[in-house]
Structure formats: structure tokens, C-alpha cells
């Protein structure tokens, strides 16, 4: 699957950070490895008695009791060199790149994400935020909440995302 800056691919469960990032950096790519072949034990909860999700996410997810969990802080669009991406779309892409790196460092894959909360400063085109998210997840869907806010902790930040991931021990 070809990658572009606005459509990062996802980390494979067995990839190490150095295996993934070295080729990506050498080729000038932003993104992560391909989708793993294994199917997640985390399952969506769906009901015909309530409205379907408004976008590419699930309303609820179940996680087996024997799972390990990862809880992230709110991740913002600050690059590794400390600079901050310019527009909300670039920041969202950087956010999901950083989340992918955190997941990989802890031995998780994008498919292990069961829930995420996105905070976006109002007045911006949120389709770019959703495009970055969809590019990261591909076909994977998790429970999601999107909240528009007046501001984040620093005025240059336009989007922040916190994730919860679960995987089998």
C-alpha cells in the first residue's frame, strides 16, 4: 500500500521502532508498517436499536478480561525536533504518527486501539483531522469521541488525541 504524508500506514504487531522508522526516514515517508494479518480480539458492539456512527468509528468496543492496556496522554502535533506543524491537517498527521510510534514502542498495533478522544479547536476544517485519522487506521474502527474546544493548552496547538489500546497478554 503506497503511503503519503496525509495517509500514514499502521504499525505491524511484530515490528520494532528501528525496523519501521529507519526505512521510512530514509525514503522520506511519514507513516507506519502494513496492517498485521492477525484479527484483533477487541470486538465492536453494534445494535440495530440505536443510530449508526456518524463517521468511521464504533459506538462501543468490548475487550477480553485478560488484556493488557495502554492509556496515552493527549498527543499534540509537536514534531520530534520540537517544532509544531502549521495547519490542523498537518498537526493531525503528526499526532497520529506520534501515536503510532508510542503504540509500536509498547508492542501494540493500530488495530489494538479500542477508543480515542480527539480535541480540536473549533473553526478549523475537521475533515482534515478525520482524513489523518482514517489514513492511520485504514479499515480499523474504534470507539471515538470528537470534541471541539475554544483552545488547547498552547495557542499554536490545534488538535490533541488520547488513545486507549488493549491487546492479549
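Every number here is computed from the coordinates shown, using simple stated rules; none is lab data. Note that the structure is a prediction, hence the values are computed from the model and not measured. Cβ sites come from the backbone with ideal geometry, for glycine too, and all protein chains shown count toward neighbours.
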For a quick check: sort 78, 93 by the number of other beta carbons within 10 angstrom, fewest at the front. 78, 93
Quick one: which of 130-139, 68-77 comes out on top by average Cβ neighbours within 10 Å, and what's the full order, highest first? 130-139, 68-77
To the nearest 0.05, how large is the calculated FRET efficiency for residue 60 and residue 127 if R₀ is 25 Å and r is the Cβ-Cβ distance? 0.50
Could you work out how far apart the two model spin labels at residue 47 and residue 151 are, taking each label as a point 7 Å from the Cα in the direction of the beta carbon, and quote it in nm? 4.0 nm
Ranked list, fewest to most other Cβ atoms within 10 Å of each Cβ, for 145, 49: 49, 145
